[in-house]
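Here is the structure we will look at, set down as structure tokens.
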Amino acid sequence: MLAFVLLCVCFSGYSQIKQSDFQVPDVNFVNLDSTAKGVLYQEITKNPEAVIQETCLKVCRVLYRDVKEIPNVERINYTVRDYDGVSAKGGVPPVIDISFSSKYLAGNFKETEKDSAQALSEIVGVLSHELTHAYQWDDGGRYGEIGGVIEGIADAVRTMLGYKDYNTKKPGGSYKDAYTTSAFFFVWIERNIHPGFIYELNQSMLPDDGITWTWDQVRQITGTDVDELWTRYQKNMHLDTINTDKVTS
Ligand SMILES: [Zn+2]
């Protein structure tokens, strides 16, 4: 197997869910792009089914502490095809559909001067975001109202797994901005204020707890109001950087 470089990020925010206890979903991998772009995906990932299954476990180790808590994802239909966009997730457990754009991959590969390790890191990074959507709670189908925090958690998991560079965070924006801006804030809370925050934030979105999710959940988890935390984060974020060691695996 071709060795590839990963950023090894040492966080405490992982559980020790054992591989042997984890219900690995079946993966139905389909590559609809037979041109060079589709072939590139195959060449970079080598064994896409295994990459997807391994990433499921990694994502669940950030989101959950016990296998009993994990939603029952039995099957992932993963499709590579040529379209404008990056990636998208559809479906709900037990069957999840994920698409990934070969066009996006080819563009990314060109931009990084054909760096295969970087391309694999991008594929797995995007995958970890979409697989978070497969496994995370959404307060009972409330994406329309609270999509910002849901997207923030997906990018926070990606960051926790080392596929998004936390050290690039910059002041500005709002914790409601979703994606990167929310994600780095959540990871900062996890690392500086309340270890286990991302786990508890996801748990606060359980569909059957009788509580409608609001940003006040952040105060209930950490003991501090979200606006106060955001102010502190804006002031102090530069003090928290992650030492990354390049390791070959
Ligand atoms: Zn998303």
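The values are calculated or read from the model by the stated rules, or taken from the named source; none is laboratory data. What you see is a predicted model; the values in this text were computed from it and never measured. Positions of Cβ are backbone-derived with ideal geometry, glycine not excepted, and every protein chain shown enters the neighbour counts.
General remarks:
- Test: residue in segment 105-128 that is within 16 Å of the ligand (Cβ to nearest atom), in contact (Cβ under 8 Å) with a residue 24 or more places away in the chain and in contact with a strand residue (DSSP E or B) (Cβ under 7 Å, 6 or more places away or on another chain): yes
- Scan of segment 170-195 for residues that are in contact (Cβ under 8 Å) with a residue 40 or more places away in the chain, surrounded by fewer than 17 Cβ atoms within 10 Å (Cβ to Cβ) and under 17 Å from ASP216 (Cα atoms), ordered by number: SER174
- When the residues of segment 83-101 are filtered to those that are hydrophobic (A, V, I, L, M, F, W, C) and part of a strand (DSSP E or B), the one that is farthest from ALA134 (Cα to Cα) is PHE100.
- Residue among ALA134, ALA50 that is assigned to a helix (DSSP H, G or I) and more than 16 Å from the ligand (Cβ to nearest atom): ALA50
- Just one of the listed residues (LYS68, LYS58) is assigned to a helix (DSSP H, G or I) and surrounded by fewer than 16 Cβ atoms within 10 Å (Cβ to Cβ), and it is LYS68.
- Residue match in segment 81-93 (condition: under 16 Å from ASP26 (Cα atoms), surrounded by 15 or more Cβ atoms within 10 Å (Cβ to Cβ), among the aliphatic types (A, V, I, L, M) and within 16 Å of the ligand (Cβ to nearest atom)): no
- Within segment 137-164, being among the hydrophobic types (A, V, I, L, M, F, W, C), more than 11 Å from the ligand (Cβ to nearest atom) and part of a helix (DSSP H, G or I) holds for ILE146, VAL149, ALA156, MET160.
- The lone exception for THR112 - which of (1) at pLDDT 95 or above; (2) surrounded by fewer than 17 Cβ atoms within 10 Å (Cβ to Cβ) it fails: (1)
- Test: ASP225 is touching a residue at least 60 places away in the same chain (Cβ under 8 Å) and among the charged types (D, E, K, R): no
- Count of segment 182-214 residues, restricted to those that are part of a helix (DSSP H, G or I), small (Gly, Ala, Ser) and over 23 Å from THR168 (Cα atoms), is 0.
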